[in-house]
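The structure appears right after this line, and notes come after that.
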Amino acid sequence: MIDQLNWSATIVFVVFFAVVTILGFVASRWKAGDLAQLQEWGLGGRRVGTGSTWFLLGGDLYTAYTVIAVPALVYAVGAYGFFAVPYTIIAYPLVFVTMPRLWSVAHRRGFLTAGDFVSGRYGNKWLELAVAFTGILATMPYIALQLIGMEKVIQALGFQGGGTLGSHLPLTIAFIILALYTYRSGLRAPAMIAFVKDFMIYAFVIAAIIIIPVKLGGYGAIFEAAQQAYDAAQKASDAKGSGATFGLLLKPAQFAAFITVAIGSAMALFMYPHSMTGVLSASSSNAIKRNSILLPAYSLVLGLIALMGFMGHAAGIKVSNPQDVVPQLFLKMFSDANWFVGFVFAAIAIGALVPAAVMSIGAANTFTRNIWRPFVQPNLTGAAEAFLAKLASLVVKVGALLVILFIPAKFAIDFQLLGGVWMIQVFPAVVFGLYTRWFNGWALLAGWAVGMALGTWLSLGAQGVTVTHSVFDLFIAYNGFVSVLANLAVSAVLTLLVPNTSPDTTGREDYESGASVHAAPVRGVAVAARG
Amino acid sequence: MKYAYLIIPCVLALATPFYNTVEPTLFGFPFFYWFLLAMIPVSSAFIYLAYRNEAP
């Protein structure tokens, strides 16, 4: 099982992992609050300042899976994989405009989730359910992918086991530890671990983008080697007539897909429960605005990480699964510095813990607030609510672990791609709702259903999931983008036809207040409004 | 004015046909890559301008 273990790398790996485990448990005392309240457990008491929010959101959005998957896509197809950069560029202007409003209304009305907001705004618990369901559905595979990211590096350390349990043993142990400290400390645990994770990621990326090119003869040589690899891949693909496209530049036929995937991904990003959790835990709307200026620093790191796909070609890495390219690149380039390999792999594994924890908390908040309370037990007390959310966070993580243990990774990857297409369908209800109450809740629900169905139908192809599809044979576009336009059209037309009588418990001033000097969050207002 | 500051980086980041070229290269990077990477701090600067513009 451990005959081929890279010992020095493994020791460094384990030491870092132990440090963050301790941090995760002691985090419950950080900015101490009553962890038997959901707002404290699930949002860190909304007391996370600008600096900590930067670490938390950075740690939360730029996940371990990203570090593995973005270079993997770049390695596999080239320029198209770089859509992650324009995607993250356009995400933050959007955040700057919309999320401070969401924070304000959530703070004033005691909302913890997007579902809470939709319920308060449109007075429609079925729309609330749709938003909650979408969030949980899209989050589950995303958590599973964090595990894949973690497992890739554990395997690369040389750990080989027999049987289902044997091969997944380290991952299972890591995940149980994660589940325990998330249960105990709530959002404080990933918020604290994020400090360590982000420093480690910055350190390894900066070292990698300087040292690896030196060893490979500079960036010019790296791009040249990549160009040759794509030319060869294109030739082989053309010979088979597969229609796939490779290259250091995009073909004109890829432009529409590249642009719409970037826009659609940016629209979906902050609809995910874990992004919402990160945003709503901020101590003021000003902290969110400052973060939309500062968070692009992580995008730069992501862009640099993407370049590792090209470095893989230049280093002569040949892998059948592109997701192995980053671990293999580091093993090969730093074979003389195994401690550094251990450091990098620890950074990636810890990079999986932060988002996995926040995602499970976001999903748990959503389940408790928007599914259990409105539909099962409307008179839930604060303490019971927090306890239920803690349990839900455990269930979500165990579910993700079971997916990894028993279902092929391809399933989680396909499911997560569909997750983006689904997540964008709540955009009209949530983001437009921050500006206008013109839309009818039922119309938005119908639009959501149409968007979900259309997006899924477009994505399910003969060879598994593809997130782009030809639009009337004119151009190829992102399914999430096309389906959210259909969603919006249905919502608008039905709003014109159906009388809009449901109550709105939010007021105009709720969206504008930036300062936290206003009255303490009005817990329970949302409950009262539900009747 | 606030929105104008925010739209500029979005338009530039999505002007794909414009930056889809190899030349001019910079430190061995084709234009496509160094332009997009350079756009990240530029976008941050534009958001900062919007923030400044909004503050009383």
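The values are calculated or read from the model by the stated rules, or taken from the named source; none is laboratory data. From a predicted model like this one, the values you see are computed outputs, not experimental measurements. Virtual Cβ from ideal backbone geometry, glycine too; neighbours counted across all protein chains shown.
For the condition in a helix (DSSP H, G or I), more than 10 Å from chain B (Cβ to nearest Cβ) and more than 16 Å from A:Ile305 (Cα to Cα), what is the one hit in A:Ala244, A:Ala225?
Working: A:Ala244 fails: in a helix (DSSP H, G or I).
Result of the check over A:Ala244, A:Ala225: A:Ala225.
Does the range A:324-339 contain any residue that is surrounded by fewer than 22 Cβ atoms within 10 Å (Cβ to Cβ) and closer than 23 Å to A:Phe83 by Cα?
Looking for residues that are surrounded by fewer than 22 Cβ atoms within 10 Å (Cβ to Cβ) and closer than 23 Å to A:Phe83 by Cα, one finds at least one in the range A:324-339, hence yes.
If a residue must be of a type in the set (Lys, Arg) and without any contact (Cβ under 8 Å) to a residue 12 or more places away in the chain, how many such residues does the range A:196-240 contain? Full working, then the answer.
Kept after step one, since they are of a type in the set (Lys, Arg), are these residues of the range A:196-240: A:197, A:215, A:235, A:240.
Subsequent filtering for residues that are without any contact (Cβ under 8 Å) to a residue 12 or more places away in the chain retains A:235, A:240.
Qualifying residue count, the range A:196-240: 2.
Could you figure out which of (1) in contact with a strand residue (DSSP E or B) (Cβ under 8 Å, 6 or more places away or on another chain); (2) facing chain A (nearest Cβ under 9 Å) isn't true of B:Tyr3?
(1) is the only condition that B:Tyr3 fails.
Where in the range A:18-116 are there helices (runs of 4 or more DSSP H), lying wholly inside it, with at least 1 residues that are in contact with a Gly (Cβ under 7 Å, 6 or more places away or on another chain) and within 14 Å of another protein chain (Cβ to nearest Cβ)?
Working: elements: A:38-43, A:50-61, A:64-77, A:84-109.
Fully inside the range A:18-116 and qualifying: A:64-77, A:84-109.
Which is part of a helix (DSSP H, G or I) and either away from chain B (no Cβ under 12 Å) or more than 18 Å from A:Ala226 (Cβ to Cβ) (or both), of A:Met271, A:Met267? Reasoning before the result, please.
Working: A:Met271 fails: part of a helix (DSSP H, G or I).
It is A:Met267.
Against the condition at pLDDT 85 or above, crowded, with 21+ Cβ neighbours inside 10 Å and closer than 20 Å to A:Ile136 by Cα, how does A:Leu458 come out, does it pass? I'd like the intermediate steps shown before the answer.
On the way: at pLDDT 85 or above: yes; crowded, with 21+ Cβ neighbours inside 10 Å: yes; closer than 20 Å to A:Ile136 by Cα: no.
When the stated conditions are applied, A:Leu458 does not pass them.
I'm trying to understand the selection: among the residues of the range A:454-493, which are at positive phi and part of a strand (DSSP E or B)? Outline the logic, then answer.
Step one: filter the range A:454-493 for residues at positive phi, giving A:464, A:472-473.
Within the range A:454-493, just A:Gly464 meets the criteria.
Working carefully through the options A:Asn286, A:Asn291, find the one that is within 14 Å of chain B (Cβ to nearest Cβ), farther than 26 Å from A:Ala36 by Cα, assigned to a helix (DSSP H, G or I) and over 20 Å from the mean Cα position of the chain (by Cα).
Answer to the check: A:Asn286.
What are the residues in the range B:23-51 that are farther than 24 Å from B:Leu6 by Cβ and either within 9 Å of the chain's Cα centre (by Cα) or more than 8 Å from every other protein chain (Cβ to nearest Cβ) (or both), if any?
Answer for the range B:23-51, where residues must be farther than 24 Å from B:Leu6 by Cβ and either within 9 Å of the chain's Cα centre (by Cα) or more than 8 Å from every other protein chain (Cβ to nearest Cβ) (or both): B:Glu23, B:Pro24, B:Leu26, B:Phe31.
Under the condition of being within 21 Å of A:Ile11 (Cα to Cα) and not in a helix (DSSP H, G or I), which residue from the range A:318-340 is nearest to the chain's Cα centre (by Cα)? So that I can check it myself, show each step before the final result.
If we filter the range A:318-340 for residues that are within 21 Å of A:Ile11 (Cα to Cα), which is where we start, we get A:326-340.
Pick out the ones that are also not in a helix (DSSP H, G or I) and you get A:334-337.
Details: A:Phe334: 29, A:Ser335: 32, A:Asp336: 34, A:Ala337: 32 Å.
Only one residue fits best here, namely A:Phe334.
Is it the case that some residue within the range A:217-230 is within 30 Å of A:Ala27 (Cβ to Cβ) and either crowded, with 19+ Cβ neighbours inside 10 Å or of a type in the set (D, E, K, R) (or both)?
Checked against the condition, which is being within 30 Å of A:Ala27 (Cβ to Cβ) and either crowded, with 19+ Cβ neighbours inside 10 Å or of a type in the set (D, E, K, R) (or both), the range A:217-230 yields no hits at all.
Quickly run through the range A:302-354 and pick out the residues that are within 14 Å of chain B (Cβ to nearest Cβ) and either in contact with a His (Cβ under 6 Å, 6 or more places away or on another chain) or β-branched (Val, Ile, Thr) (or both).
Across the range A:302-354, the qualifying residue is only A:Ile305.
Please specify each residue of the range A:28-53 satisfying the condition of being of a type in the set (A, V, I, L, M, F, W, C) and surrounded by fewer than 23 Cβ atoms within 10 Å (Cβ to Cβ).
Correct list: A:Trp30, A:Ala32, A:Leu35, A:Ala36.
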